[in-house]
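Written below as C-alpha cells is the structure these notes are about.
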Amino acid sequence: MSLLPTLSGTLMRGYWIPCYYIGNSHSEMDVNDQQRGKDRKKKEEEDTNKPTYCVTDVPPWYLCTFLAIQHYLTAFGGIVSIPLVLSEGLCLQHDSLTQSYLINTIFFTSGLITVLQVTFGVRLPILQGGTFALVTPAMAMLSMPEWKCPAWTQNATLVNTSSPLFIEVWQTRMRTLQGSIMVASVLQILVGFSGLIGFLMRFIGPLTIAPTVSLIGLSLYDSAGDKVGSHWGISAMTTLLIILFSQYLRRIPILVPAYSKAKKLHTSKFYIFQIMPILLGISVSWLVCYLLTIYDVLPSDPAQYGHLARTDVKGDVLNKASWFTFPYPGQWGMPTVSLAGVFGMMAGIICSMAESVGDYHACARLSGAPAPPKHAISRGIGVEGLGSLLAGAFGTGNGTTSFSENVAALGITKVGSRMVILLSGVFMILIGMLGKIGAIFTTIPTPVVGGMFLIMFGVITAAGISNLQSTDMNSSRNIFVFGFSMFSALVIPNWIMKNPDFLETGVKEVDQVLRILLTTHMFIGGFLGFFLDNTIPGTKSERGLLAWNKVHLEDSSYTLTTEEVYDLPFGITSCLSSQSWVRYVPFCPWNGHRSENRSEDNQMPQGRRSEQLPHSTRVIYELAF
C-alpha cells in the first residue's frame, strides 16, 4: 500500500491542498463522486442561465402574445406616470381629457419607436418608452417665472377646458417642450450615428451615473408628496399592496387551467404577482376607492380633505373620449424652441444615453446574444435619438429610452426573442389609438397615483445608487465624489428656487439657461460627478471602470448566437458588404470586422470560448391565460 495524491483537492486561501488515499480505500471513489456532483451542479447552473428562446427564435404564437402583453404591463407604470407628472407643469391638472390624449400619444410613440429599435436599431429585444431623465429638466423649465401656470388654472371651478384661452395656455408650454426636445435629440442622433458614443463612454463611469440617476427620483419628491397628501390612507394602502405583491408574494404562483397535447387538461403555475404587481396594486386600490365613492364614505365637497380619492372626480372624461384617436406630428401646433430648455434637455439626453448602453449589454446577456459590437450600440443610440425626435414631434412632452424593467423581465421569463418585443410594440401602437383606454388611466384617483409614485421614484433612486457596486466604496476618494455631488445637487437648486433674482446677467437668454441648469438636480449632480471623477487621481479599478467594461464577459458562457444577430434586416447587410466604404460608416456592420473577431476568438483558450448550442435545444413552456 502506498500514499498517493489524488487528482482532486481543496483550494484554500490560494494554495492547492491535495487529498490522499491509502491503497484501495473508498476515498478515491468518494472524491470522484464529489467531483461529478460539482460538475453536475455547475452544468445545472449554466442551464438555468441559458434562455429558452434566444434573440433570433420565434416562440409559438400564444406564448408570443402572452409575453408581449406582459412586457406592455411591465412598462405600464413608467409610461403612464410621465404624462401624469407633466400635467401639473402644463396646467392640465383639471383637464383629464387632454391628459388621456397625452397618454394615448406616449403609448403610440413608444410602440412605434420599439418597432424601429428592434428592426433597425440595436436589434435586441429591448422595449422603448418615455424617460424620467427628461421629466426633471422639463419640470425645471416649466417652473420658471415666465412659464408658471396662471393662478386661475389651479381652481377647477374657473377652468373651462374648451375655452381658447385655456387651450393656448397649455399648448404654448407643450410646443416649447416639443421644440426643446427635438433640438436636443439631434445631439443624441449625432453621437449615435457618428460612433462618438464609444469615445464618450470612456469618461462616463459609475460615479457619474449614480448621482445623475438617483437625483431623477429624489427631485420628484414634491410631486409625489402632493398626490400622497391628498389622502394618506389610500396612498398608504396602494404602496403596501404593491410592496406585498412585488416583494412578499412574487414567488407564490396561482394555479390556472392549461391544456397541452401531452398532458391534456391540467393546472399550471402562473406567477401573477411577479409579472404585474403595480397594475394589481393600482386595481385593488382603485376598486376600494370606487366602493367608498358609491357608498359616499369619501367627501363629495371639493374643499374637504379626501375628495380627490373619489372615482367620480374625473368620471365624465370616459364619456367624452372618442373610441379611436390617431396621434400625429404637430397635433398641438408648430413646436417652438427655448434655448434654455434645449440645454436642460441635453443634460437629460446624455444621462439617458449612458443608461441605454448598460441596458444593451444586460439585454444581450439575458437574450443569449454576444456582446453588442460598436456598430450596433451606435445604431441603437442613434435610433433612440430619432425616437426622441419623433416623441417631441408627436407631442408627448418627453423623449424615449430603453426600459430597464423590461430587460429584467427577460431574466425572469428566459424568453429573449425579439419577436416578442416587436409584437409588444405593435400592441402599444394599437392601444395608443384607442381613446377610451387613455381615458380610463386618467380616472385613477390622485392618492392611488401618489402611492405608485412612492414606489417608482424610490426604485429609480435606488437603481442609481446601485451603480456604485462596481466601485470601491471603501475609498475616501469615491465617498467624497459621490457625497459632494449628491448634496450639492440638492442644495444649489433649492437655494436658486428661493432666490430667483440672484441670476441676473442682463441677458435674458443667458439667465434662462443658467436658471434651468442650476435648478435641475440631475445636471448638477451628474456634472460634478463627471468632473471630479475624471480629474481626481484614481485607478480604473477604484473608479469601477474595469468592472463596467467586463460586465458582459463574465456571463458570456451561455451565448447561443453569433454577431450576425446585429446585422441589418431585409438583406441590407449583404448588399452593403461588397462596398469598401462601409468600413468607414460607424453604424453599419462590416464582414471584415466580424472576421477579425473570429480570429481573436480562435486564439482564445478552449475554456474561454463561447459554447455554441444547437437552436433545437428548448424547454417546453406551458403558459395559461
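The values are calculated or read from the model by the stated rules, or taken from the named source; none is laboratory data. This structure is a prediction, so every number in the text was calculated from the model and none was measured. Note: ideal-geometry Cβ built from the backbone for every residue, glycine included; neighbour counts use all protein chains shown. Keep in mind that these areas ignore ligands, DNA and RNA; they rest on the heavy atoms of the full protein, side chains included. Shrake-Rupley method; radii C 1.70, N 1.55, O 1.52, S 1.80 Å.
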Exercise. Of everything in the stretch 362-389 that's of a type in the set (A, V, I, L, M) and under 29 Å from Val510 (Cα atoms), which residue is least open to solvent (accessible area, probe 1.4 Å)?
Worked result: Leu389
Seminar exercise, completed: The number of residues in the stretch 313-341 that are open to solvent by 40 Å² or more (accessible area, probe 1.4 Å) and assigned to a helix (DSSP H, G or I) is 4
For this session: Examine the stretch 117-138 for a residue that is closer than 29 Å to Tyr566 by Cα, in contact with a strand residue (DSSP E or B) (Cβ under 7 Å, 6 or more places away or on another chain) and in a helix (DSSP H, G or I), and state whether such a residue exists.
Result: yes
For this session: Run Arg175 past the list (1) assigned to a helix (DSSP H, G or I); (2) touching a helix residue (DSSP H, G or I) at 6+ places or on another chain (Cβ under 8 Å); (3) open to solvent by 10 Å² or more (accessible area, probe 1.4 Å) and report the number of the one that doesn't hold.
Result: (2)
Exercise. Quick one: would you say Val426 is of a type in the set (A, V, I, L, M), part of a loop (DSSP other than H, G, I, E, B) and open to solvent by 10 Å² or more (accessible area, probe 1.4 Å)?
Worked result: no
Exercise. Within the stretch 110-128, can you find the residues that are open to solvent by 20 Å² or more (accessible area, probe 1.4 Å), within 15 Å of Ile377 (Cα to Cα) and not polar (S, T, N, Q)?
Worked result: Leu116, Phe120, Arg123
For this session: Kindly establish whether Gly344 is touching a residue at least 60 places away in the same chain (Cβ under 8 Å), under 30 Å from Leu503 (Cβ atoms), part of a helix (DSSP H, G or I) and not aliphatic (A, V, I, L, M).
Result: yes
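Let's see how each residue does on (1) of a type in the set (A, V, I, L, M); (2) modelled with pLDDT under 85:
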site: Val213; (1), (2): yes, yes
site: Ser219; (1), (2): no, yes
site: Lys227; (1), (2): no, no
site: Ala236; (1), (2): yes, no
Exercise. All but one of (1) over 29 Å from Thr293 (Cα atoms); (2) loosely packed, with under 14 Cβ neighbours inside 10 Å; (3) modelled with pLDDT of 85 or more hold for Val256; which doesn't?
Worked result: (3)
Problem set entry | Of the criteria (1) assigned to a loop (DSSP other than H, G, I, E, B); (2) out of contact with any Pro (no Cβ under 9 Å at 6 or more places or on another chain), which one Ser283 fails | (1)
For this session: Look at the stretch 193-222 and say how many of its residues are under 24 Å from Ile444 (Cα atoms), surrounded by fewer than 22 Cβ atoms within 10 Å (Cβ to Cβ) and in contact (Cβ under 8 Å) with a residue 40 or more places away in the chain.
Result: 2
For this session: Given the conditions (1) open to solvent by 10 Å² or more (accessible area, probe 1.4 Å); (2) out of contact with any strand residue (DSSP E or B) (no Cβ under 6 Å at 6 or more places or on another chain); (3) modelled with pLDDT under 85, report the number of the one that Asp359 does not fulfil.
Result: (2)
Exercise. Does Ser143 satisfy the criteria of being at pLDDT below 90, open to solvent by 10 Å² or more (accessible area, probe 1.4 Å) and more than 30 Å from Asp567 (Cβ to Cβ)?
Worked result: yes
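Name the one entry in Ala262, Ala303 that is open to solvent by less than 100 Å² (accessible area, probe 1.4 Å), closer than 28 Å to Ser81 by Cα and not in a helix (DSSP H, G or I).
The conditions single out Ala303.
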Problem set entry | One residue from Ser470, Ser476 being free of Cβ contacts under 8 Å to residues at least 12 places away in the same chain, over 24 Å from Phe343 (Cα atoms) and among the small types (Gly, Ala, Ser) | Ser476
Problem set entry | When residues of the stretch 67-95 are limited to those that are open to solvent by less than 10 Å² (accessible area, probe 1.4 Å) and farther than 30 Å from Ser163 by Cα, the one modelled with the highest pLDDT | Ala68
Problem set entry | Residues located in the stretch 489-535, provided they are out of contact with any Pro (no Cβ under 9 Å at 6 or more places or on another chain) and open to solvent by less than 50 Å² (accessible area, probe 1.4 Å) | Pro493, Ile496, Leu503, Asp511, Gln512, Val513, Leu532
For this session: Residues being more than 14 Å from Asn155 (Cα to Cα) and under 36 Å from the mean Cα position of the chain (by Cα): count how many of those fall in the stretch 299-309.
Result: 4
For this session: Evaluate the following for Phe453: is it open to solvent by less than 50 Å² (accessible area, probe 1.4 Å) and not aliphatic (A, V, I, L, M)?
Result: yes
Exercise. If Ser470 satisfies every condition in (1) open to solvent by less than 20 Å² (accessible area, probe 1.4 Å); (2) over 24 Å from Ile243 (Cβ atoms); (3) under 22 Å from the mean Cα position of the chain (by Cα) but one, which is the exception?
Worked result: (1)
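With respect to Arg418, is the statement that it is crowded, with 23+ Cβ neighbours inside 10 Å, charged (D, E, K, R) and farther than 30 Å from Arg310 by Cα true?
yes
Residues are listed down the side, and each one gets a yes or a no for (1) of a type outside the set (S, T, N, Q); (2) without any contact (Cβ under 8 Å) to a residue 40 or more places away in the chain:
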{"residue": "Ala140", "(1), (2)": "yes, no"}
{"residue": "Ser143", "(1), (2)": "no, no"}
{"residue": "Ser163", "(1), (2)": "no, yes"}
{"residue": "Ile167", "(1), (2)": "yes, yes"}
{"residue": "Arg173", "(1), (2)": "yes, no"}
{"residue": "Gly179", "(1), (2)": "yes, no"}
Exercise. Do any helices (runs of 4 or more DSSP H) entirely within the stretch 206-254 hold 2 or more residues that are under 17 Å from the mean Cα position of the chain (by Cα), and if so, which?
Worked result: 206-218
Problem set entry | Residue, surrounded by the most Cβ atoms within 10 Å (Cβ to Cβ), within the stretch 149-159, restricted to residues that are part of a loop (DSSP other than H, G, I, E, B) and at pLDDT below 85 | Val159
Exercise. Got a sec? Which of Thr267, Thr293 is open to solvent by 40 Å² or more (accessible area, probe 1.4 Å) and out of contact with any helix residue (DSSP H, G or I) (no Cβ under 6 Å at 6 or more places or on another chain)?
Worked result: Thr267
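Look at Ala258 and say whether it is in contact (Cβ under 8 Å) with a residue 60 or more places away in the chain and either farther than 30 Å from Ile381 by Cα or of a type in the set (Asp, Glu) (or both).
Considered against the rule, which asks whether it is in contact (Cβ under 8 Å) with a residue 60 or more places away in the chain and either farther than 30 Å from Ile381 by Cα or of a type in the set (Asp, Glu) (or both), Ala258 comes out as yes.
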Exercise. If only one of Met428, Met456, Met353 is within 18 Å of the chain's Cα centre (by Cα) and more than 18 Å from Leu116 (Cβ to Cβ), which one is it?
Worked result: Met456
